[in-house]
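To start, the structure under review is shown below, and the notes come after it.
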Amino acid sequence: MTDNNKTGRIGVTSENIFPIIKKFLYSEQDIFLRELVSNAVDASSKLQTIAHLEDGIGDISELKITIDINPDAKTISITDQGIGMTADEIDRYINQIAFSGAEDFIKKYENSGASNIIGHFGLGFYSAFMVADKVEIDSLSYKKNSEAVHWECDGTPRYTLTPSQRTERGTTITLHLSTDSHKYLQRAEIQTLLDKYCKFTPIPIIFGKKQEWRDGKMQDTDEDNQVNDTHPLWLENPASLKNDDYTSFYHKLYNTHEDPLFYIHLNVDYPFTLKGILFFPKIKETIDPQKNRIHLYSNQVFVTDQVEGVVPEWLYLLEGVIDSPDIPLNVSRSYLQQDHQARKITSHIGKKVADALADLFKNDRKAYEEKWSSIGLFVQYGMLADEKAYERLKPAFLLPTEDGKLYTYNELKALVGAEQTDKDGNLVLLYATNPKEQYVAIQHAKKQNYVVLLMDSPLSLPFMNMLEEKEEKLRFARIDSDTLQNLIQKETTNESSNLSEDSELIEAIFSTTTPNLEGVMLNVKVDNTMTSNSDPLQITSNEWMRRMKEMSRYQGGANFYGELPDSYLLKINPNHSLIEKLVTQAKDNIGEEFEKYSQTIIQNEQERNILLETIKDKPEEELTEEQKEQRKAITDTIEKAKQARNELVLNFVKKLPSVDYLWDLGLISANLLHGERLQHFLHRSEEILQQL
């Protein structure tokens, strides 16, 4: 008979092992319950394995784990009916920290289905000291003629091992909670932890009795309160399940009444074991993925909801469960270790989801299109983040138009290719980001039978940039970034043909009256390509510059383009009757003086260019005083002539309210008319109406 009376020192290499466990080993204090329940599950699973190989084990048909709270004694106990431990085993597996019994067991029974044991480090038990000042073990081994043993430790390396009064096979761990952990004596607190960590463990977990409302308070019934589902849906054969089964499981998993868009059931046996269900939730207008919506399990025991390294980044938007014993865990079973196996699993999950999306598009396009408002963000994210996903998802990516139609890239190319191909052979896809703000420009395009896409998702800009890089002869152009003639140029135009003979006068009229808008820079240019049927003027925003500014939002920190004001260009149509009328009035009133100042400017600029050409290679200190004075005199003459010309134009324009009115019409079309100027526009409009 073994002498079970013993005192000794736990085999550790440091007197400070317990503070290390408490502060550094586990990421969260409440992990203790998961670790102790996991050990109880392992003990039960080991017994099930042994029972298939050895006789005389006894009845194992109703194995369970029981958790009890004793508020008076300030204790929590976890009891299992598993294999139990002998005194020698406690000495080997408890007193020698990091000497895992699971490792020995797996080696012994490696060909007997023992791979579902998740404890591999021998440290889980010691998480108890994160919340307890003293821990007791009472255990009786399944082995014949075993004697029950009692182990006790007060959080120092010293322990005692004595006989126990236990008569039933299995183990009870009793935690005497420290003062700052008394919150775990509350039923609701433990129930929350069990829901988080042990909701799907394979052995029934009993936590007290079910309760019901009686006599004005919650009271215990006679029925055991089983807190877990021992055979969750992801372990079922997908062929035996219906849509309602998945929907009900989703509701239960996330405590919601909202249905998922659809789901993917994972069931892999080789070259690794992986089971799970991934749900596509309804996505709001966001690109901020919640990284804690997919729960990772190892043999039905919750490990973490931080799935980086197992789930591809583009699928962080998904929800659901992944269960695999082959995912490498760190010593605390709270984080993942990166290795080739994890990368294989990641790749497989990405492929599985991409193929499922492509199959849905191929087999039920109508349902796919109905879900596109949410699916689209997944697909965009995947194609941007993963080169392999790009190739798989490209045939299933849809481009929406502003009127609600959906096309694949190849369909759109066939539809608009002939009409929207420019002189250089580039397919020009026109798009809007805000149909209300860009309504006027959209209508102009539709009059010419152009198709306008709606690219308003948070990922549209980087997605367009990517497509332009990957697809030959493709260019996206926002509908208000230029005139339609310039966005889709059909023939080469000489730059000089873009100038009206009155361009200088027209630009002067509008330049001298440019509104001062906060955070906005406005430039003026005459565009002779605009026809008499076009608007008198159009405010555009350069595509390249706008993209640079918008991309700066994604980059964070200081950014050169992000600091620049929003830049717009007023394009004036010299062929429109209103502009022609304005030019005629200007010529009749200030034409001769304007021309005189213009000639002075031109002549002096020519003289200055000749002078600058003469002295261009000389340092400033080598210039003669005569050259400096001549340069200054010419420059002063030019500036005075420009100033005088501007004053001439400004005094004339003050008598013509139509110029301000034209500016306001342009600003309205670009959604730039606000504040005081908007108020003035309304008052001026009222005055005009009064005259009718």
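The values are calculated or read from the model by the stated rules, or taken from the named source; none is laboratory data. Please read all numbers here as calculations on a predicted model, not as lab measurements. Using ideal geometry, Cβ is built from the backbone for each residue, glycine included, and neighbour counts are taken over all protein chains shown. The protein model used for the area step is the full one, side chains on, heavy atoms only, and it has no ligands, DNA or RNA in it. Shrake-Rupley method; radii C 1.70, N 1.55, O 1.52, S 1.80 Å.
Every residue in the stretch 348-364 that is open to solvent by 60 Å² or more (accessible area, probe 1.4 Å) and assigned to a helix (DSSP H, G or I), please.
Result: K351, K352, D359, K362, N363.
Among the residues of the stretch 625-646, write down those that are of a type outside the set (D, E, K, R) and open to solvent by 70 Å² or more (accessible area, probe 1.4 Å).
Scanning the stretch 625-646 gives Q630, Q643.
Being open to solvent by 20 Å² or more (accessible area, probe 1.4 Å), within 26 Å of L384 (Cβ to Cβ) and without any contact (Cβ under 8 Å) to a residue 40 or more places away in the chain narrows it down to one residue among E471, E437, E411; which is it?
E411 is the lone residue from the list that is open to solvent by 20 Å² or more (accessible area, probe 1.4 Å), within 26 Å of L384 (Cβ to Cβ) and without any contact (Cβ under 8 Å) to a residue 40 or more places away in the chain.
Just give me the residues in the stretch 305-320 being more than 18 Å from L384 (Cα to Cα) and either at pLDDT 85 or above or surrounded by fewer than 18 Cβ atoms within 10 Å (Cβ to Cβ) (or both), in sequence order.
Scanning the stretch 305-320 gives D305, Q306, E319, G320.
From the residues in the stretch 597-632 that are in a helix (DSSP H, G or I) and of a type in the set (A, V, I, L, M), which one is farthest from V649 (Cα to Cα)?
I615
Output the number of the condition that V440 fails; it satisfies all remaining conditions of (1) outside any loop (DSSP other than H, G, I, E, B); (2) under 27 Å from the mean Cα position of the chain (by Cα); (3) at pLDDT below 90.
For V440, the exception is condition (2).
What is the residue count in the stretch 398-431 for residues that are assigned to a strand (DSSP E or B) and more than 17 Å from T483 (Cα to Cα)?
Final tally of qualifying residues: 5.
Pull up the stretch 477-486, narrow it to residues that are free of Cβ contacts under 8 Å to residues at least 60 places away in the same chain and out of contact with any Ser or Thr (no Cβ under 6 Å at 6 or more places or on another chain), then point me to the one that is farthest from V416 (Cα to Cα).
Across the stretch 477-486, the extreme among qualifying residues is N486.
Condition test on Y184, is it farther than 30 Å from G376 by Cα, modelled with pLDDT under 95 and of a type in the set (S, T, Y)?
When the stated conditions are applied, Y184 does not pass them.
Check off (1) in contact with a strand residue (DSSP E or B) (Cβ under 9 Å, 6 or more places away or on another chain); (2) within 30 Å of S141 (Cα to Cα); (3) touching a residue at least 40 places away in the same chain (Cβ under 8 Å); (4) not in a loop (DSSP other than H, G, I, E, B) for T201 and give me the number that stays unchecked.
(4)
Could you check the stretch 581-639 and list, in sequence order, the residues that are under 30 Å from L662 (Cα atoms) and among the acidic types (D, E)?
D588, E592, E593, E595, E639
Within the stretch 582-617, restricting attention to residues that are open to solvent by less than 100 Å² (accessible area, probe 1.4 Å) and basic (K, R), which residue is farthest from L537 (Cα to Cα)?
R608
Residues checked against (1) modelled with pLDDT of 85 or more; (2) surrounded by fewer than 17 Cβ atoms within 10 Å (Cβ to Cβ); (3) assigned to a strand (DSSP E or B):
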{"position": "S44", "(1), (2), (3)": "yes, no, no"}
{"position": "L47", "(1), (2), (3)": "yes, no, no"}
{"position": "D88", "(1), (2), (3)": "yes, yes, no"}
{"position": "S112", "(1), (2), (3)": "no, yes, no"}
{"position": "F129", "(1), (2), (3)": "yes, no, no"}
{"position": "I137", "(1), (2), (3)": "yes, no, yes"}
{"position": "K144", "(1), (2), (3)": "yes, yes, no"}
{"position": "E147", "(1), (2), (3)": "yes, yes, no"}
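Out of curiosity, is I20 at pLDDT below 85 and either buried (at least 17 other Cβ atoms within 10 Å of the Cβ) or within 17 Å of M85 (Cβ to Cβ) (or both)?
Spelling it out, it is not the case that I20 is at pLDDT below 85 and either buried (at least 17 other Cβ atoms within 10 Å of the Cβ) or within 17 Å of M85 (Cβ to Cβ) (or both).
Return yes or no: is L656 under 56 Å from the mean Cα position of the chain (by Cα), at pLDDT below 90 and open to solvent by less than 90 Å² (accessible area, probe 1.4 Å)? Outline the logic, then answer.
Details: under 56 Å from the mean Cα position of the chain (by Cα): yes; at pLDDT below 90: yes; open to solvent by less than 90 Å² (accessible area, probe 1.4 Å): yes.
It is true that L656 is under 56 Å from the mean Cα position of the chain (by Cα), at pLDDT below 90 and open to solvent by less than 90 Å² (accessible area, probe 1.4 Å).
Quick one: I579 ticks every box in (1) free of Cβ contacts under 8 Å to residues at least 60 places away in the same chain; (2) within 30 Å of L484 (Cα to Cα); (3) in a helix (DSSP H, G or I) except a single one, so which number is it?
Here I579 meets the rest and fails (1).
Can you run down the residue pairs with Cβ atoms below 6 Å, 6 or more apart or on separate chains, where the first is in the stretch 647-660 and farther than 12 Å from A586 by Cα and in contact (Cβ under 8 Å) with a residue 40 or more places away in the chain and the partner is open to solvent by 30 Å² or more (accessible area, probe 1.4 Å) and assigned to a helix (DSSP H, G or I)?
none
Residues checked against (1) open to solvent by less than 40 Å² (accessible area, probe 1.4 Å); (2) in contact with a helix residue (DSSP H, G or I) (Cβ under 7 Å, 6 or more places away or on another chain):
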site: H231; (1), (2): no, no
site: E236; (1), (2): no, no
site: L253; (1), (2): yes, no
site: Y270; (1), (2): no, no
site: L274; (1), (2): yes, yes
site: I277; (1), (2): yes, yes
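Tell me which of these Q219 doesn't satisfy, since it passes every other one: (1) over 30 Å from H265 (Cα atoms); (2) open to solvent by 50 Å² or more (accessible area, probe 1.4 Å).
Q219 satisfies every listed condition except (2).
Looking at the stretch 236-283 only, could you name the residues that are part of a loop (DSSP other than H, G, I, E, B) and polar (S, T, N, Q)?
Start the filter on the stretch 236-283 by keeping residues that are part of a loop (DSSP other than H, G, I, E, B), which leaves 236-237, 241-242, 255-261, 269-273, 281-283.
Those that are part of a loop (DSSP other than H, G, I, E, B) and polar (S, T, N, Q): N237, N255, T256, T273.
Residues to consider are N434, N449, N486; find the one that is among the polar types (S, T, N, Q), in a loop (DSSP other than H, G, I, E, B) and farther than 14 Å from D403 by Cβ.
Selected residue: N434, the only one of N434, N449, N486 that is among the polar types (S, T, N, Q), in a loop (DSSP other than H, G, I, E, B) and farther than 14 Å from D403 by Cβ.
May I ask you to list the residues in the stretch 517-539 that are part of a strand (DSSP E or B) and open to solvent by 60 Å² or more (accessible area, probe 1.4 Å)?
The answer is M521, N523, K525.
Given the structure, is Y159 assigned to a strand (DSSP E or B), touching a residue at least 40 places away in the same chain (Cβ under 8 Å) and among the hydroxyl-bearing types (S, T, Y)?
Yes, satisfied.
What about P458, is it modelled with pLDDT of 90 or more, outside any helix (DSSP H, G or I) and within 30 Å of L315 (Cα to Cα)?
So P458 does not fit the description; no.
Let's see how each residue does on (1) within 26 Å of V149 (Cα to Cα); (2) open to solvent by less than 10 Å² (accessible area, probe 1.4 Å); (3) in contact with a Pro (Cβ under 8 Å, 6 or more places away or on another chain):
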residue	(1), (2), (3)
L175	yes, yes, no
S181	no, yes, no
T192	no, no, no
P202	no, no, no
I205	yes, yes, no
K210	no, no, no
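Whether any residue in the stretch 663-671 is closer than 30 Å to K436 by Cα, surrounded by 11 or more Cβ atoms within 10 Å (Cβ to Cβ) and β-branched (V, I, T) is what I want to check.
Checking the stretch 663-671: at least one residue is closer than 30 Å to K436 by Cα, surrounded by 11 or more Cβ atoms within 10 Å (Cβ to Cβ) and β-branched (V, I, T).
Each row is one residue, and each column tells you yes or no for (1) over 30 Å from Y568 (Cβ atoms); (2) within 20 Å of the chain's Cα centre (by Cα).
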| residue | (1), (2) |
| --- | --- |
| L384 | no, yes |
| E387 | yes, yes |
| N410 | yes, no |
| D422 | no, no |
| M464 | no, yes |
| R478 | no, no |
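Of the numbered conditions (1) of a type outside the set (S, T, N, Q); (2) surrounded by fewer than 13 Cβ atoms within 10 Å (Cβ to Cβ); (3) within 56 Å of the chain's Cα centre (by Cα); (4) not in a helix (DSSP H, G or I), I688 fails exactly one; give the number of that condition.
Among (1) of a type outside the set (S, T, N, Q); (2) surrounded by fewer than 13 Cβ atoms within 10 Å (Cβ to Cβ); (3) within 56 Å of the chain's Cα centre (by Cα); (4) not in a helix (DSSP H, G or I), the lone unmet condition for I688 is (4).
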